[in-house]
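Written out below as structure tokens is the structure these notes cover.
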Amino acid sequence: MDKYINTHIVVIGSGPSGYTASIKCANIGYKVVLIEKYLNLGGTCLNVGCIPSKYLLYISKVINLNKYLYKKGIFINKNKFNLHKIKLKKDKIINLISGNLFKLVNRHNILLLNGISNFLTPESIEVFDGKKRYIINFNYAIIASGSVNNFKDFNILYNYRVWDSTDALNLNFIPEKFLIVGCGFIGLEIATIYNFLGSRKIDIIDCCSKYLTFLDKDIFDIYSNYLKDKFNFKLSYKLLDIKLVNDNLYVYMNNCINNKLENKRYDAVLISTGRSPNINFNNLVDVGINLNNNNFIKVNDFFQTSRLNIFAIGDVIGHPMLAHKGIYQAKNVIDIISGNFYNFRFNNIPKIIYTDPEISWVGINEIEAKKNKIDFRSVVIPWKYCGKALINNCNVGVTKLIFNRNDNKIIGAFVVGNGGSELLGELSLAIEMGCDAEDLSLILHAHPTLYETISEASDVYLRNYYFGN
């Protein structure tokens with residue numbers, strides 16, 4: 001027998017966008033129903049994305065540091081690690097955070113329903129949990145169903161050694177010869193993990209002729225110069241097929257430049273060619289919700305779909321697919337629903353690739369500044385002059401600030417180097433608050449720290465500005 005529920009707001013998906021929207025709704029007095037397909041809360045980010053990958057990156061970098069210290073004779077015993085214990089700790093962290101989310105949902109009296117959901121009308125949705133069917137009537141709906149791997153786009157061999165990102169984060173084994181298809185954020189981060197955990201050879205192929213094209217050339221050169229010693233990049237290559245021959249995994253690919261076919265044996269292959277919106281189970285089109293050509297949900301400036309009482313946020317509406325972007329959009333949507341002021345600055349979304357070295361940026365780059373005809377000047381401070389970077393053995397890095405020469409305000413920043421992502425806090429605030437070079441120069445920065453390179457870069461800019469050097 002169907003169970004009927006009336007609520008102010010229904011939220012679909014319990015990832016960062018969904019749980020943020022649900023909790024904020026409940027905080028201001030709305031009755032909320034949260035729908036989640038899986039038993040664990042937290043979505044892709046917590047369970048098979050951001051959290052496990054960043055933990056494994058942390059562990060792998062510790063392992064690499066220990067190897068370095070052993071080579072230098074500082075550590076006497078050779079570094080060894082227990083892969084099983086690493087996996088157990090990863091799962092423990094995930095379960096701890098997911099458990100905390102359950103407590104928050106219960107504390108805020110949010111009704112949680114686990115199951116598959118489908119819109120019936122623009123004001124109602126059904127949820128089936130395998131046994132019971134719920135019909136929920138709502139005033140507003142927020143779609144935060146996230147994204148899925150593009151793995152199924154490839155008609156290739158199904159084998160335990162052909163992975164998507166979820167498989168790779170399970171750490172079933174460390175392949176000696178490892179192929180990664182796709183050199184985006186996910187591919188580069190997983191390549192870093194397996195490089196430090198013992199994969200002897202890692203090839204990365206991509207059909208594009210260049211990767212990370214949104215980076216300024218000087219930043220890309222510094223970053224890629226360090227990565228080329230770790231990974232073998234094969235650009236302008238297209239994956240054709242994967243075959244199992246006498247229990248050996250052979251990958252067939254095409255060099256798009258000379259149209260030459262190649263095949264190589266690998267111990268494992270990761271398909272990391274991006275993610276698509278998770279919208280196949282919601283009957284969106286049937287209730288009049290429009291999609292764009294890439295199947296992302298179309299929204300206006302207020303995150304409203306073509307059905308104005310149904311909102312969409314996070315990965316499901318397009319790039320960049322970042323948890324913190326979705327969290328911020330969730331806060332904005334609840335402010336919009338409740339009639340409060342909101343402000344979303346799309347240019348100031350901080351972005352990080354947690355490789356070795358890390359690369360982080362916020363604001364606009366030189367490419368965008370030139371396109372917008374902004375008179376700018378950039379200042380780069382190499383970390384080899386930073387005491388804290390030398391202490392932390394992360395002297396491979398730079399801090400780069402981009403200033404508008406008309407008013408000396410900071411408009412963009414890049415940081416290359418491990419730990420550099422923590423500098424984005426001050427840099428994001430500075431851009432958002434309209435700080436100029438003098439503001440950043442006059443702020444007293446602690447020494448020795450990485451973030452004092454921000455004031456040093458501002459000092460250099462001001463010296464050049466006033467003295468014309």
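For the range 47-65, does any single residue satisfy the condition of being part of a helix (DSSP H, G or I) and free of Cβ contacts under 8 Å to residues at least 24 places away in the same chain? The answer is yes, given that some residue of the range 47-65 is part of a helix (DSSP H, G or I) and free of Cβ contacts under 8 Å to residues at least 24 places away in the same chain. Evaluating PHE376 against the criteria (1) at pLDDT below 95; (2) open to solvent by 10 Å² or more (accessible area, probe 1.4 Å) leaves one unmet condition, (1). Scanning the range 93-121 for residues that are of a type in the set (Val, Ile, Thr) and in contact (Cβ under 8 Å) with a residue 60 or more places away in the chain returns VAL105, ILE110, ILE116, THR121. Filter the range 122-143 down to the residues that are of a type outside the set (D, E, K, R), open to solvent by 50 Å² or more (accessible area, probe 1.4 Å) and in contact (Cβ under 8 Å) with a residue 60 or more places away in the chain and list them by number. Passing the criteria: ASN137, ASN139, TYR140. Selection of the range 66-81 for residues being among the polar types (S, T, N, Q) and in a loop (DSSP other than H, G, I, E, B) yields ASN77, ASN79. Condition check: open to solvent by less than 10 Å² (accessible area, probe 1.4 Å) and either under 16 Å from CYS45 (Cβ atoms) or not β-branched (Val, Ile, Thr) (or both). Does ASN282 satisfy that? Yes: the conditions hold for ASN282.
Taking the stated definitions as given, is ILE289 at negative phi, part of a loop (DSSP other than H, G, I, E, B) and among the hydrophobic types (A, V, I, L, M, F, W, C)? Taking the combined requirement at face value, the residue satisfies it.
If you take the residues of the range 2-45 that are assigned to a strand (DSSP E or B) and of a type in the set (D, E, K, R), which of them is modelled with the highest pLDDT?
Applying the first criterion (assigned to a strand (DSSP E or B)) to the range 2-45 yields 3-12, 32-36.
Now drop any that are not of a type in the set (D, E, K, R), which leaves 3, 36.
On the way: LYS3: 89, GLU36: 95.
Looking at the filtered set, the residue picked out is GLU36.
Quick check: anything in the range 328-340 open to solvent by 60 Å² or more (accessible area, probe 1.4 Å), touching a helix residue (DSSP H, G or I) at 6+ places or on another chain (Cβ under 9 Å) and free of Cβ contacts under 8 Å to residues at least 60 places away in the same chain?
Yes, that holds for at least one residue.
Out of the range 379-402, which residues are of a type in the set (S, T, N, Q) and open to solvent by less than 20 Å² (accessible area, probe 1.4 Å)? Result: THR399, single match. I want to confirm something. Restricting to the range 267-276 and keeping residues that are part of a strand (DSSP E or B) and small (Gly, Ala, Ser), which single residue is least open to solvent (accessible area, probe 1.4 Å)? Step by step, filter the range 267-276, then rank; the result is ALA268. Taken over the range 239-266, the residue count meeting the criterion of being closer than 25 Å to GLY184 by Cβ, surrounded by 13 or more Cβ atoms within 10 Å (Cβ to Cβ) and not polar (S, T, N, Q) is 13. Return a yes/no flag: does the range 178-191 have any residue that is over 24 Å from LEU227 (Cα atoms) and among the β-branched types (Val, Ile, Thr). Looking for residues that are over 24 Å from LEU227 (Cα atoms) and among the β-branched types (Val, Ile, Thr), one finds none in the range 178-191, hence no.
Residues satisfying the criterion are present in the range 85-97 (criterion: open to solvent by 90 Å² or more (accessible area, probe 1.4 Å), modelled with pLDDT of 95 or more and closer than 27 Å to ARG200 by Cβ). A Cβ distance below 7 Å, combined with a sequence gap of six or more or placement on separate chains, defines the contacts here; from the range 245-259, residues that are touching a residue at least 40 places away in the same chain (Cβ under 8 Å) reach residues that are of a type in the set (Phe, Trp, Tyr) in the pairs LEU249/TYR266; VAL251/TYR266; MET253/TYR237; CYS256/TYR237. Contact map, the range 360-377: residues that are among the acidic types (Asp, Glu) paired with residues that are open to solvent by 20 Å² or more (accessible area, probe 1.4 Å), Cβ distance under 6 Å, separation 6+ or inter-chain. Pairs shown: ASP375/ARG405; ASP375/ASN406.
Checking each residue in the range 195-219 for being closer than 25 Å to LEU239 by Cα, touching a strand residue (DSSP E or B) at 6+ places or on another chain (Cβ under 9 Å) and open to solvent by 10 Å² or more (accessible area, probe 1.4 Å) picks out ASN195, ARG200, LYS201, ASP206, CYS207, CYS208, SER209, LYS210, TYR211, LEU212, PHE214.
The values are calculated or read from the model by the stated rules, or taken from the named source; none is laboratory data. Keep in mind it's a predicted model, so treat the numbers as computed, not measured. Every residue, glycine as well, gets a Cβ built from its backbone with ideal geometry; the counts of neighbours run over all protein chains shown. To get the accessible areas, we keep the full protein, side chains included, count just its heavy atoms, and leave off ligands, DNA and RNA. Shrake-Rupley method; radii C 1.70, N 1.55, O 1.52, S 1.80 Å.
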